[in-house]
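No value in this document is a laboratory result; all are computed from the given coordinates. Treat the numbers as computed from the prediction; the structure is a model and nothing was measured. Cβ coordinates were reconstructed from backbone atoms using ideal geometry, including for glycine residues, and neighbour counts include every protein chain displayed.
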Amino acid sequence: MLEAKELMVFYENMLALNNISIKCDDNQIVGVFGANSAGKSTLMYALSGIMLDIQKKERMAGGERISLTGDVLLNNKSIMDVKPSLRARAGIVLCPERRRLFKESSVIENLRIGGYLATKSQAKKTMEYIMEVFPALQTLRNRLGGFLSGGEQQMVAIGRALMAQPKVLLLDEPLLGLSPLMQATLIKATKAIQQETNISVIVAEQYARPVFPIVDYAYILENGAAVMEGTRDELMDNPDVKSAYFGVS
Ligand code: ATP
């Protein structure tokens, strides 16, 4: 179980996360929804620990001061000071916004890069599973990352994260810029991954609508604060959520 407790993140004087507490139980899909700049990526960086690296880099460059308070817990143990590489080893794996593939490397090479934490047999099994959950990648095995469509890149990015043997997969805006059809494909695959592998997923998105059907629980962020939370059914029945996030009243 991955949990954030009373997280606050300041970029210099700018409050990016304001007292956020969120929880993802084992084998759950949790949604984090919010507009541009609501704090979704900042939350993902805090959970994955990448915020510690950003903080260190800024400090070394003499740039802005980033402060981080509150707690992040994995199975009830604080990992707030644990560096991102060790969090990845513990099973918290981030699939970052905008995919960040190696453009000069093939699909297979991009996937293999994600497998650096896996044993040979885990890597082989996961590679087979990726081809099963994203069959479109089978014929694209040797295509360079830079020549893939946005949706194909996202499949590879999720596949690469799976190669790292996650227990909790953090997906930061996986649907960004994709067609409704591709969004539906990715959402269906995300649900299949959770059901077939027992991996928990925290998915951050700007638009709730395409993701909502697969989440067990969701949080709505506004200006760095969680202004609403609940199970899918609770939020679906909430008239404020309906009008603000689904365009119906
Ligand atoms: P988007 O959908 O645009 O990715 P987001 O919900 O992921 O938005 P964040 O990227 O977490 O939002 O940003 C939250 C706020 O913090 C924004 O106002 C952003 O401008 C600010 N911010 C993010 N990174 C930094 C940084 N390194 N320095 C200063 N401000 C930052």
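Observations on the structure shown:
- FRET efficiency, ARG112 to ALA61 (Cβ-Cβ, R0 25 Å, nearest 0.05): 0.20
- Based on the Stokes-Einstein relation at 10 °C and a viscosity of 1.306 mPa s, and on the Kirkwood radius from alpha carbon pairs, the chain is assigned a translational diffusion coefficient of 86 µm²/s.
- Gyration tensor (alpha-carbon) shape descriptor, segment 1-87, a/c threshold 1.5: oblate
- Each listed q (0.13, 0.18 Å⁻¹) maps to a log10 I(q)/I(0) for segment 24-167, found by the Debye formula over equal Cα scatterers with no solvent: -0.68, -1.16.
- Here the simple spin-label model places points 7 Å from the Cα toward Cβ, and for GLN206 and LYS5 these points are separated by 3.5 nm.
- Most fluctuating residue given options LYS120, LYS167, LYS83, as computed from a GNM of the chain linking Cα atoms under 10 Å: LYS120
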